[in-house]
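K.L.:
Dropping the structure in here first, questions after.
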Amino acid sequence: MSRKFYITTPIYYVNARPHIGHAYTTIACDTIARRQRMLGADTFFLTGTDEHGQKIERAAQAAGKTPQELTNEVSAAFRSLWDRMGITYDDYIRTTEDRHKLRVQELFRRIRNNGYIYKGTYTGQYCVYDELYVDAVGPGADCPECGRPTETVHEENYFFKLSAFEDKLLRLYTDQPDFIRPETRRNEVMSFVRSGLRDLSISRSTFSWGILVPDDPKHVIYVWLDALANYITAIGFGSPDQADQQKFEKYWPADLQMIGKEIVRFHCVYWPAFLMAAGLALPHGIMAHGWLLFEENKMSKSRGNIVRAETILDVLGADALRYFLLREIVFGQDGSFSFDALVQRYNADLANGLGNLASRTLTMIARYFRSEVPYPSHTAARRPADDAIADLSRKTISECHTLFDQYQFSRALETAWGLVAAVDKYIVENEPWALGEKQDEESRARLGTVLYTSAEALRIVTALAHPVIPDSTTKIWAQLGLGETKKFPLSELKWGQLHLGTKLGNVQAVFPRADKTAIERMQKMEERDASAATEAQPAAGSASGGTFAAQVGGAPATSARSAVSSSDGKISIDDFAKIDLRVGQIRVAERVKGADKLLRLEVDIGTEVRQVVAGIAETYEPDSLIGRKVVIVANLAPRKLRGLESNGMIVAASPEGGKPVLCSFLEDVPMGTRLK
Ligand code: MSP
């Protein structure tokens, strides 16, 4: 029976559409899953969406939708992106599916029957953004994880006896050093657990968007217990069906659970404790990668600095994105995304590197050997340079296996591309095009050897790179006349397997060079994407740089798009009521690089913290604004300014020819108050 390999991504929240940060994790897992299949493992690759909890409930409210409507829409958007990218997931779990709900209730029952759940009262802080109970801070405090304001929760809840697992967890991390990778994350988790674990509230009773606690429907199960359970519910845990049970027996425990570094505590502390409490086996390993940064910050919806995968797929294709992310970023560390770097890598390594090697090698075999792989000389026409390529290929195979096994994608690809560079140099030095012009036997034998050597090295790189860039390597493999790459048994890859006389397929360029306009096109698409969201809702007014300018002595600032005004330019009270004006407090203010007039603000509006880009840098020093109360247009659709998403506008008076002045109050007004 073949070895099994079960791999999971985190299940993504459905409060926002996918961006390349989510794609990063999914691509890494897809690469591992594809490689495991090529190595012969019976592989199961799970992904899906996390759809319950207060955060989603509020996001739905804000979007004027029911939670189910929002989750259906966004979950479908994630799934169709993965389909478009050719992600080879075996199942896609949604936490609102009945199969999941019933099985989570079963997990809850097991933990309760084993004596690890009791009823109590929770009074403390809760961060809705992270869906996290925040220990030991007072009312109004900020979340230590994300810096957003926490909310005070006072509820009767069910508690999980997390404190009972302190020693067991520490023993786990010590006995199984690979349980958490990389090492830095393991150390963080160990010191967190050593500092003491408090029991964890695992139900909520003040909202209803969740899975009901069995036998006590006043409570819904804490969203992280619900979400983490997906890794077992999807493969059949808790199902009465025998086929499901067999599936669970077969695939659990997971071989690898991939996550981003911000959710380490949930996966490396809570998750193994829940499993131990239920008497279930623990995953073999959890790997936390770093963050994808854009314009120096973590790419995230709330920061508004996201890039859509679709943009890159449209212009350069999925393989370009996959290769870039895995080659450019040291897996486990943070790494930056930029369109410049993407296009540079694409042209250097794919168009000029692998693409060029494939097209020149295959074109010459087509031209000089009627599309049949030629015979490599073992005698007179052989040179040390030929053996050097064979030796390097052998070394590359073994090094790549080791590096891929350790999930060191960038080094594995660097090693494979070392072979591409060596073969390129070999071709230049051996001038097959010159040999091709000569008819003598010696030149012909030499030509056959050089082209065989190049084609064989090309085949090896193609096989090694297939899990990373499946579309283009499938094409090159077919051009080499070799059938389906994904069926190639990777563990058997060795030098000399390319048969003489193999008939080549149709030779075509695989990576067209990206010209200068590629970057511009992608940037424009991103800008359009942000403004498409703006068109979708009625505009609240025109603005420059996120300030809602009540112009003094000039025409009122109404949008050209605004269809609400009557012929005399007046609007009705209902029209005015559409504008959600609220009091907010500035928490963060900083200059926007390269823009003299713009400040990036984080404004707390009571229910959440908004990023707003405002054109007030000429009037105000960033530091002078911290703590200041301002008026914000809270229901303005987001727009992008200098690559930053602005979620709302600050109201200011803009005297003609003068600098904008912020609107403020003489009396103190609580944050979040509406202006009517
Ligand atoms: N729903 C939870 C996870 C529950 S798992 C039981 C969640 N969802 S999320 O939508 O916020 O997705 C988080 C994951 O998406 C990260 O852990 C990471 O895998 C990926 N990423 C999202 N943004 C990212 C970056 N900017 N950079 C790298 N990974 C990113 O947390």
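The values are calculated or read from the model by the stated rules, or taken from the named source; none is laboratory data. Just so it is clear, the structure is predicted and the values come from calculations on it, not from any experiment. We place every Cβ from the backbone using ideal geometry, glycine too, and count neighbours over all the protein chains shown. These area figures cover heavy atoms from the full protein model, side chains too; ligands, DNA and RNA do not enter into them. Shrake-Rupley method; radii C 1.70, N 1.55, O 1.52, S 1.80 Å.
K.L.:
Helix hunt in the chain: which complete DSSP H runs extend at least 30 Å axially by C-alpha with mean Kyte-Doolittle at least 0.0?
P.N.:
Working: long enough: 384-405 (32 Å, -0.29); 409-430 (32 Å, 0.37); 441-465 (36 Å, 0.31).
For the chain, where a helix must reach 30 Å along its axis and average at least 0.0, the hits are 409-430, 441-465.
K.L.:
Here is a follow-up. Please give me, ordered by residue number, the chymotrypsin sites (Phe, Trp or Tyr not before Pro) of the range 133-208 that lie in loop per DSSP and have at most 16 other Cβ atoms within 10 Å. The partial results should precede the final answer.
P.N.:
Values: sites: Tyr133, Tyr158, Phe159, Phe160, Phe165, Tyr173, Phe179, Phe192, Phe207; in loops: Phe207.
Of the chymotrypsin sites (Phe, Trp or Tyr not before Pro), the ones in loops of the range 133-208 whose Cβ has at most 16 other Cβ atoms within 10 Å are Phe207.
K.L.:
Another question, then. Among rounded, prolate and oblate, which fits the range 119-172 when a ≥ b ≥ c are the square roots of the eigenvalues of its C-alpha gyration tensor, a/c under 1.5 means rounded, and a/b larger than b/c means prolate? Don't skip to the answer; put the middle values down first.
P.N.:
Numbers: a/c = 2.72, a/b = 1.46, b/c = 1.87.
Here the range 119-172 falls in the oblate category.
K.L.:
Further question: Could you work out the relative contact order of the chain? I mean the mean sequence separation of Cα pairs under 8 Å and 6+ apart, divided by the number of residues, in percent. Don't skip to the end; give the middle numbers.
P.N.:
Working: 1216 pairs, mean separation 73.6, N = 676.
Relative contact order here is 11 percent.
K.L.:
Run the reach check for Lys487 against lysines, Cα to Cα strictly under 18 Å, same-chain hits fewer than 8 apart removed. What comes back?
P.N.:
Straight-line reach from Lys487, under 18 Å: Lys4, Lys475.
K.L.:
Oh, and also: Quick one: dipole size for the range 318-492, taken about the Cα centre, charges +1 on Lys/Arg Cβ and -1 on Asp/Glu Cβ, in debye to the nearest 20.
P.N.:
Working: 19 positive and 23 negative charges, 59 e Å.
Charge dipole of the range 318-492: 280 debye, to the nearest 20.
K.L.:
With N set to the number of residues, divide the alpha-carbon radius of gyration of the range 318-492 by 2.2 N^0.38 Å and report two decimals.
P.N.:
Details: Rg = 16.8 Å, N = 175, 2.2 N^0.38 = 15.7 Å.
Relative to the rule-of-thumb radius for its length, the range 318-492 sits at 1.07.
K.L.:
Check each of the GluC sites (Glu not before Pro) in the range 55-162 and keep only those in coil by DSSP with at most 15 other C-beta atoms within 10 angstrom; list them in order. Working shown, then result.
P.N.:
On the way: sites: Glu57, Glu69, Glu73, Glu97, Glu106, Glu131, Glu145, Glu151, Glu155, Glu156; in loops: Glu97, Glu131, Glu145.
Counting only loop positions with at most 15 other Cβ atoms within 10 Å, the GluC sites (Glu not before Pro) in the range 55-162 are Glu145.
K.L.:
Further, regarding this structure: Please state the charge dipole magnitude for the chain, taken about the Cα centre, from unit charges on C-beta atoms (+1 on K and R, -1 on D and E), reported in debye and rounded to the nearest 20. Walk me through the intermediate numbers first.
P.N.:
Numbers: 82 positive and 85 negative charges, 130 e Å.
Roughly 620 debye, rounded to the nearest 20.
K.L.:
Please report how far the C-alpha centroid of the range 265-289 lies from that of the range 1-43, rounded to the nearest whole angstrom.
P.N.:
A separation of 18 Å, based on Cα centres.
K.L.:
Using mean Cβ contacts within 10 Å as the protection proxy, how do 458-469, 4-15, 586-597 order, highest first? Each step should come with its number before you reach the end.
P.N.:
Details: 458-469: 25.3, 4-15: 23.4, 586-597: 15.7.
Put in order of decreasing packing, that is 458-469, 4-15, 586-597.
K.L.:
Under 23 Å Cα-Cα from Lys593, which lysines qualify once same-chain neighbours fewer than 8 residues away are excluded?
P.N.:
Within the straight-line limit of under 23 Å, Lys593 reaches these lysines: Lys298, Lys301, Lys524, Lys640, Lys659.
K.L.:
Roughly how far apart, in whole Å, are the Cα centres of the range 308-375 and the range 115-189?
P.N.:
The range 308-375 and the range 115-189 have Cα centres spaced 43 Å from each other.
K.L.:
Now for a different question. Hey, got the dipole for the range 561-676? About the Cα centre, +1 on K and R Cβ, -1 on D and E Cβ, debye to the nearest 20?
P.N.:
Numbers: 18 positive and 16 negative charges, 66 e Å.
My answer is approximately 320 debye.
K.L.:
Rounded to the nearest whole Å², what accessible area per residue is found for the chain with the 1.4 Å probe? If you can, show how the numbers build up before the last one.
P.N.:
Values: 28730 Å² over 676 residues.
Using a 1.4 Å probe on heavy atoms only, each residue of the chain averages 42 Å².
K.L.:
Which distance in Å, rounded to a whole number, links the C-alpha centroids of the range 474-510 and the range 400-436?
P.N.:
Their Cα centres are 16 Å away from one another.
K.L.:
Give the residue from Leu392, Leu498, Gln333 lying farthest towards the positive end of the charge dipole for the chain; charges sit on Cβ (+1 for Lys and Arg, -1 for Asp and Glu) and the dipole is referred to the Cα centre.
P.N.:
Checked the options; the winner is Leu498.
K.L.:
Going down the list Lys168/Lys250; Lys119/Lys161; Lys395/Lys494; Lys578/Lys676, which pairs span over 19 Å between their C-alpha atoms?
P.N.:
Result: Lys168/Lys250 exceed 19 Å.
K.L.:
Considering Cα pairs under 8 angstrom that are at least six residues apart, work out the relative contact order of the range 318-492 and quote it in whole percent. Don't skip to the answer; put the middle values down first.
P.N.:
Working: 177 pairs, mean separation 52.1, N = 175.
Computed value for the range 318-492: 30 percent relative contact order.
K.L.:
I'd like the GluC sites (Glu not before Pro) in the range 624-676 restricted to DSSP loop residues with at most 13 other Cβ atoms within 10 Å, sorted by number.
P.N.:
Values: sites: Glu645, Glu656, Glu667; in loops: Glu656, Glu667.
Qualifying residues, ordered by number: Glu656, Glu667.
K.L.:
Limiting things to C-alpha atoms, what are the Rg and the maximum Cα-Cα separation (Dmax) for the range 416-468, in angstroms?
P.N.:
Considering the range 416-468 through its Cα atoms, Rg and Dmax are 12.8, 42 Å.
K.L.:
Give the Kirkwood hydrodynamic radius (Å, one decimal) of the chain, defined as one over the mean of 1/r across all pairs of different Cα atoms.
P.N.:
Values: mean 1/r = 0.0355 Å⁻¹.
About 28.1 Å for the chain.
K.L.:
For the chain, build the charge dipole from Cβ charges (+1 Lys, Arg; -1 Asp, Glu) around the Cα centre, then report which of Leu413, Gln68, Leu451 sits farthest towards its positive end.
P.N.:
Leu451
K.L.:
Let me ask something else about it. Could you give the semi-axes, largest first, of the ellipsoid that matches the range 41-123, computed as the square roots of 5 times the alpha carbon gyration tensor eigenvalues and rounded to whole Å?
P.N.:
Details: eigenvalues 159, 100, 17 Å².
Those come to 28, 22, 9 Å.
K.L.:
Specify whether the C-alpha gyration tensor of the range 247-370 places it in the rounded, prolate or oblate class, a ≥ b ≥ c being the square roots of the eigenvalues: rounded for a/c under 1.5, otherwise prolate if a/b is larger than b/c and oblate if not.
P.N.:
Working: a/c = 3.49, a/b = 1.67, b/c = 2.09.
Oblate is the answer for the range 247-370, as a/c is 1.5 or above yet b/c matches or exceeds a/b.
K.L.:
Once the dipole of the chain is set up with Lys and Arg at +1 and Asp and Glu at -1 on Cβ about the Cα centre, which of Gly648, Gln54, Pro10 lies farthest towards its positive end?
P.N.:
Farthest along the dipole direction, towards plus: Pro10.
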